[in-house]
Amino acid sequence: QVQLVESGGDLVQPGGSLRLTCAASGRIGSYVGVGWYRQVPGSGRTLVASAAYSGAITNYADSVKGRFTISTDNDKNSVHLQMNSLKPDDTAVYYCYVDRTWGERYWGQGTQVTVSS
């Protein structure tokens with residue numbers, strides 16, 4: 001079992017920045033994949049960013065390319081999502097996940113990001 005705890009969600013003005021952190025109970029470097037999804041009320045979760053093979057392969061939703069960056073910190077067993085130039089459409093609950101192996105995925109509890117003036 002892998003425990004994940006997200007933090008860093010907040011209320012921020014449009015154009016601002018936030019850094020989300022996902023702390024894992026195991027060694028981040030041992031997982032085959034990590035990433036972030038987001039969800040707004042009434043909709044399903046959508047992929048924001050992912051990283052596989054210790055960050056060698058990354059993938060971003062078109063809507064966040066050039067603004068968001070996913071990274072991992074093996075020393076602290078954490079995954080980060082740096083979010084810049086935030087827009088009201090980025091408002092959502094953000095969930096991190098890790099794939100301990102392919103097909104074995106664990107989720108965090110979510111953290112709220114609100115972009116509003």
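Some notes on this structure:
- Magnitude of the charge dipole for the chain, about its Cα centre and with charges confined to Cβ atoms of Lys, Arg (+1) and Asp, Glu (-1), is about 60 debye.
- Estimated FRET transfer efficiency when R0 is 30 angstrom, pair VAL40-TRP102 (beta carbons, to 0.05): 0.60
- Projecting label points 7 angstrom from Cα along Cα→Cβ for SER25 and GLN13 puts them 4.1 nm apart.
- Placing dummy labels 7 Å off each Cα toward the beta-carbon, the span from ASN74 to THR114 is 3.9 nm.
- In this label model, LYS65 and TYR53 are separated by 2.0 nm, measuring between points 7 Å along each Cα→Cβ vector.
No lab work stands behind these numbers, since they all come straight from the coordinates. Bear in mind the structure is a predicted one, so any value in this text is a computation, not a measurement. All Cβ positions, glycine included, derive from the backbone under ideal geometry; neighbour counts span all protein chains shown.
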